[in-house]
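The values are calculated or read from the model by the stated rules, or taken from the named source; none is laboratory data. Since this is a predicted model, take the numbers as computed values, not measurements. We place every Cβ from the backbone using ideal geometry, glycine too, and count neighbours over all the protein chains shown. Only protein heavy atoms, including side chains, enter the accessible area calculation; ligands, DNA and RNA are left aside. Shrake-Rupley method; radii C 1.70, N 1.55, O 1.52, S 1.80 Å.
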Amino acid sequence: MTKFTGWAAFAALIAYPSFASAQDYGMDQAAGPTGGFELEYIGTENRTRSYFGGNIDLMQRGLSAGAVTLGFDLGVDATFDLSKGDDRYAFFGAIVVDPGFGEIAVGAPRSIGSVLIDRPVFAGNQARDRDLETVFPPMSDSLAKSRQVQSYGLRYESTSGAVRYGASVQQLDGLDGTFLQAGAEYSFGQGAVEGVLEKRTNTDGLNLTVGVSGASQQVDYALYLGHQDGATDTTGVQAGLGYAVSDSLRVGGDFGLRQTPTDESTYYGASAAYSFDSGIRAQIGVSDGNDTRVMWDASIGFEF
């Protein structure tokens, strides 16, 4: 896949909501376009870098075929390094069939882990979050993005009361082994507990992420534990606490830990974000750690 292909697909998905609103496909929109995109500026004491990217998904449901309901998913996850050209992107698309006992997505769907796990970006800083990303499965979709390869497979997803659960099987172009995942999410009030277990068939060990996130009045919180030993024995922790100063302004702090048998890295971060009624969101933040430089970031984006 070329850089032009990545930009073209990302631009098409950004433009799709306005295009789709003017069309009649005879299908009910189950979740519509979701996600967002942002322009981010990151600086250290001797280097600056800027990024543009986002995560956008389109879901359509409602076409009946007898007792079966049909639909489709489309998605793109992209980060374009405007300073260095180190671009990362992955495309997702699947036909979705609901025979009455859950949805089966076939083609190139997102993994069940990517659907269920909602780990926040560390201190809102995409570059710093990459340091922790490899600790927290699912790995299949992040590998597809970092290596710019296409994934193929299927995903099953269903709900039972407050529990949402499922499994997925994925193969990545040019990579040995198959990625197997099973995950679940339990919702309570304004929070959720979620987890995913991942196995790559050509490696030993398992990858695991469990987390809890939610909000209570003006306070929001998130705590995630991750472990992966499919490639290296790595354990991580990410904790975040935020406070809504007003309906528009949120301030927060984050802590991260990444540990291997021979090394341990800790990260600290603080951020402030302001959301406008139009969906535009602006953020500033700073992060540091025991073996890294201070990193400042500022971003502006749009969420929907």
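Tabulated data
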item: Extension gain from A270 to N290, taking 0.36 nm per residue of separation minus the Cα-Cα distance; result: 5.6 nm
item: Mean Cα-pair separation over length for the chain, i.e. relative contact order, pairs under 8 Å, 6 or more apart, %; result: 14
item: Centre separation in Å (Cα based) which lies between the stretch 59-101 and the stretch 213-229; result: 26
item: S160-V97 FRET efficiency (beta carbon distance; Förster radius 25 Å; 0.05 resolution); result: 0.85
item: The chain: Cα Rg divided by the 2.2 N^0.38 Å rule of thumb; result: 1.00
item: Extension reserve of the D263-L249 stretch, reckoned as 0.36 nm per residue once the Cα distance is removed; result: 1.4 nm
item: Sequence of K84, K199 when ordered by accessible area, the most exposed leading, probe 1.4 angstrom; result: K84, K199
item: Net +/- balance of residues flanking D288 in space, Cβ distance below 15 Å, scoring K and R +1, D and E -1; result: -3
item: Using distinct alpha-carbon pairs, which all enter the 1/r mean, Kirkwood radius of the stretch 198-251 in Å; result: 13.2
item: The stretch 199-287 - Rg and Dmax from Cα coordinates, angstrom; result: 16.8, 50
item: Per residue convex hull volume, Cα atoms of the stretch 67-221, in Å³; result: 133
item: Most to least accessible of D77, D277 (protein chains only, probe 1.4 Å); result: D277, D77
item: Calculated log₁₀ intensity ratio I(q)/I(0) where the Debye formula runs over C-alpha points of the stretch 131-215, q = 0.20, 0.25 Å⁻¹; result: -0.97, -1.25
item: Cleavage-rule hits (GluC sites (Glu not before Pro)) in the stretch 169-257: DSSP loop, at most 14 neighbouring Cβ within 10 angstrom; result: none
item: Area projected by the alpha carbon convex hull of the stretch 43-114, averaged over all directions, nm²; result: 6.3
item: Heavy-atom accessible area per residue - the chain, 1.4 Å, Å²; result: 48
item: Charge context of L206, other residues only, Cβ under 12 angstrom, K/R +1, D/E -1; result: -2
item: Segment T203-A239, length gained on full extension (0.36 nm per residue, minus Cα span); result: 10.0 nm
item: Alpha-carbon radius of gyration plus Dmax, which is the widest Cα pair, for the stretch 63-155 in Å; result: 15.7, 52
item: At R0 = 35 Å, FRET efficiency that the Cβ-Cβ distance of V106 and T34 yields, to 0.05; result: 0.95
item: Sum of -39500 (n - 2.57) over DSSP H runs of 4+, divided by residues of the chain (222 nm, nearest 500); result: -3500 deg cm²/dmol
